[in-house]
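Bear in mind these aren't lab numbers, they're just calculated from the coordinates by the rules spelled out. Model, not experiment: these values are computed from the prediction. A quick note on method: Cβ atoms are made from the backbone with ideal geometry, for glycine too, and the neighbour counts reach across all protein chains shown.
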Amino acid sequence: MKQYRIDGAEVHGISDLYEQFNRELMAEEDWRLGSSLDGFNDILYRVDGEIREGDPATFVWIDHAHSRDALGFDETQRWLHNKLSQPNSFNQQRIHSDLDDLQNGRGKTYFELILEIFADHPLIELQLR
């Protein structure tokens with residue numbers, strides 16, 4: 001069984017999280033995963049395929065509470081504001097709506113978005129420690 005390890009104590013922002021993902025998931029690739037939820041989701045589909053071929057996988061996220069804090073409201077707000085600064089790349093109306101939801105306590109943090117992506121891959125076991 002493959003075991004991927006995310007060291008939550010090393011996650012101080014979104015880019016740190018993707019450094020962890022790249023270390024664990026992209027070691028045999030000649031390219032790196034950028035800070036993209038869609039890209040991360042695509043990589044988990046690859047892991048799903050490996051599981052279906054008989055190679056189970058578990059993600060162990062140690063010190064996830066630190067990551068939850070680091071990828072919380074402030075970092076999510078920065079991420080959304082960064083998207084607003086790129087009007088030709090992102091749906092500005094959607095980003096404004098996401099930002100309003102976040103600021104009004106209805107939106108999801110980046111950490112919660114990552115957990116949702118894991119939840120969309122039920123073959124992959126995620127252990128939060």
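Where does helix 37-52 land angle-wise versus the long Cα axis of the chain, in degrees 0 to 90, nearest 10? Helix 37-52 sits at roughly 20 degrees to that axis.
Report the calculated FRET efficiency for ASP30 and THR58 (r = Cβ-Cβ distance, R0 = 25 Å), to the nearest 0.05. E(calc), rounded to 0.05, equals 0.45.
What shape does the chain have by the C-alpha gyration tensor, where a ≥ b ≥ c are the square roots of the eigenvalues, rounded means a/c under 1.5, and otherwise prolate means a/b greater than b/c and oblate the rest? Prolate is the answer for the chain, as a/c is 1.5 or above and a/b outweighs b/c.
Placing unit charges on the Cβ atoms of the charged side chains and taking the dipole of the chain about its Cα centre, the candidate lying farthest along the positive direction among ALA119, GLY34, ASN82 is ASN82. Spatial offset of the range 60-129 relative to the range 1-49 amounts to 15 Å, using the alpha carbon center of each.
Bridge orientation summary for the chain: considering DSSP beta bridges with both residues in this region, about 0 percent are antiparallel. For the chain, the longest principal axis of the C-alpha atoms and the axis of helix 73-84 are separated by about 70°.
The residue among THR109, SER97, PHE59 whose Cα reaches farthest toward the positive pole of the charge dipole of the range 49-129, with charges on the beta-carbon of Lys, Arg, Asp and Glu, is SER97. Between helix 110-119 and the chain there is an angle of about 40 degrees, using the helix long axis and the longest principal axis of the Cα atoms.
Model label points for GLN127 and GLN3, set 7 angstrom from Cα along the Cα-to-Cβ axis, are 0.6 nm apart. Under a 5 Å amide H cut-off, with hydrogens placed 1.01 Å from N, GLU125 pairs with ALA57, PHE59 among residues at least 5 apart or on other chains.
A Cβ-based charge dipole, computed about the Cα centre of the chain with Lys and Arg at +1 and Asp and Glu at -1, lands at about 300 debye.
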